Each structure stands twice: as structure tokens, then as C-alpha cells.
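The values are calculated or read from the model by the stated rules, or taken from the named source; none is laboratory data. All values derive from a computational prediction rather than experimental measurement. Heads up, the Cβs are rebuilt from the backbone with ideal geometry, glycines too, and the neighbour counts pull from every protein chain shown.
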């Protein structure tokens, strides 16, 4: 759906496209065409890396923003604005099979106890590990939105009790523009473009349905708030100072987030990022945020 919306934008906007915080101008399109023409024999991945180097498109840890760039190039290619070389290699996708295998032998015996009797919990960051398939299998089967493909910087956590998975957390880069959050922080557009990497967005939180433990959800959220900055810094070279999420108001009240001291900042319009009209096209969502440091506004509003 997002790709189709971006494609529609490209067809109707002839001058500038706003993509992941960067304005793509007619001069940029001309540059890309020239770079592709000068990259005879190069793969799409090699071209993407050259674009990242030319534009200084890097993550905070110095790694090239290759996946974001490749996504942009593909959108432009599909819109007829540039012509990429033919795709050389289509990798074999065993993800679905691996997820089914991971969840097939899972112990689903009900866990109904108190938080104290649940015992010590084990936290695993599972991105790019053998447990990543299980993480996605649980979300696909038990989360109402299904699994998720996080964008930008992202981490995935499994929580285990007695060696059994009981919960999943996904964290990713946040939406570029979010009015309730932006008003709460009070930052400028320039500061937002420069400091958005200091925010972690929670697109998925799941406690598996056979686990019934009172206060478990808010307990897990509290633990994540304490440990996520350190883990983020270990992986990406910088911490985060603010967390955010959406709660679908047609389904949930966000009680566990609020019990974990998350702040309600307002509601979305239900129009999505690329709605062509002012009519509601999606469910209304409550925007919740959690500052992790006292000086979070100063950190987020700091100009380069």
C-alpha cells in the first residue's frame, strides 16, 4: 500500500519528492540517470552503494543506508523516472518455511500464575539470529496485524520464561512526521531531520495468548525502557532518549502502556501519510510517548 502511494506521488509531483527525510529533486533524478549510465555492468546493489556515498547517506554508526536507498531507487524505477539494470539475483525465500518449523513444536501449555511466581525472565535480541524465525512466526499467528518488516534501525526481542517464549517486542525507526509527538517535543523540522534516530518506535508488542499473568505487560514495558537504550547503543553506536507507539482505539485502551508511565499525546487523523483527501481511511490511533531522559527535549531539538 505504501509503495503504491509513493508511486502515485511520483507520477503527480514533477518537481520534488520527500523520501525518508530527503527532498528528491529534478536535479537528483538527472544525477541518478547519469550515475546509472556510468555504472555499466554494476548491480542494483552496487549502484545503491554509490548513491549512498555520493549523497552522504549513512547511518549514525557509519554504515551506508543501502536498504533505504535501494527502496527509493526501486520506487523511481517503477514510476519510470529512472531505469535500473535487470535484477541479477532473486534470493530463495525460506523465511515462511523456517517460521512454520520454528513454531511447530512450541509448547503451548497455559501459563497462569503471578508475576512473582513466573520466575526470572530471559531477554534475547533476535535480529539476525536463529530465533528470528520464531519471533516472526509468533507475530504472524497471534498479533492482529501479523508480522512486521521494520524500517531503518531496528531491533527484535523475544522474552522467555523457563525457556519458553512468552512475549515479542519489535522496535524500529519512527515515522518521519507525527503531529502529536512533534508538538510535544517542540522541535523544528531541521532538528527532526537530524535527531529522529534518537527515537525508537514500537510497531509490535505481543504476549502469547496462553500466558495469563497479571501486570506482566506493564512489567515488560518497564524493563524495555530501562534496557533498550543500552542495546541500541551497542548495535548502532548511539542510544535513544524517547520511545513512541500507536494504540488502535477501536481495539484497545492502551492500559498497559499507561501503567508503565507512557504519556497519551493525542490521536491520529486516520488519514495515513499519503491520503489524497482529508477523509479518514484508517482507524484512529492514540499516540503514546515515553521520555527516557530528563533532557530529552534538548537532545531532540539540538541543531547540527
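Numbers below:
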{"read-out": "The lone exception for residue 68 - which of (1) modelled with pLDDT under 85; (2) under 24 Å from residue 153 (Cβ atoms); (3) over 24 Å from the mean Cα position of the chain (by Cα) it fails", "value": "(3)"}
{"read-out": "Residue in region 157-169 that is at negative phi and in a loop (DSSP other than H, G, I, E, B) present", "value": "no"}
{"read-out": "Residue check, residue 220 part of a helix (DSSP H, G or I), in contact (Cβ under 8 Å) with a residue 60 or more places away in the chain and touching a helix residue (DSSP H, G or I) at 6+ places or on another chain (Cβ under 9 Å)", "value": "yes"}
{"read-out": "Leading residue by the ranking (nearest to residue 18 (Cα to Cα)) among those in region 174-195 that are under 12 Å from the mean Cα position of the chain (by Cα) and surrounded by fewer than 21 Cβ atoms within 10 Å (Cβ to Cβ)", "value": "176"}
{"read-out": "Scan of region 239-263 for residues that are in contact with a strand residue (DSSP E or B) (Cβ under 8 Å, 6 or more places away or on another chain) and farther than 19 Å from residue 171 by Cα, ordered by number", "value": "249, 253"}
{"read-out": "Answer from 76, 84 - the residue that is under 24 Å from the mean Cα position of the chain (by Cα) and either at pLDDT 85 or above or not assigned by TED's automatic domain parsing to the domain that holds residue 177 (or both)", "value": "76"}
{"read-out": "Residue satisfying all of: in region 7-39; at pLDDT below 65 and either touching a strand residue (DSSP E or B) at 6+ places or on another chain (Cβ under 6 Å) or assigned to a helix (DSSP H, G or I) (or both); surrounded by the most Cβ atoms within 10 Å (Cβ to Cβ) among these", "value": "10"}
{"read-out": "Residue check, residue 147 crowded, with 16+ Cβ neighbours inside 10 Å and at pLDDT 95 or above", "value": "no"}
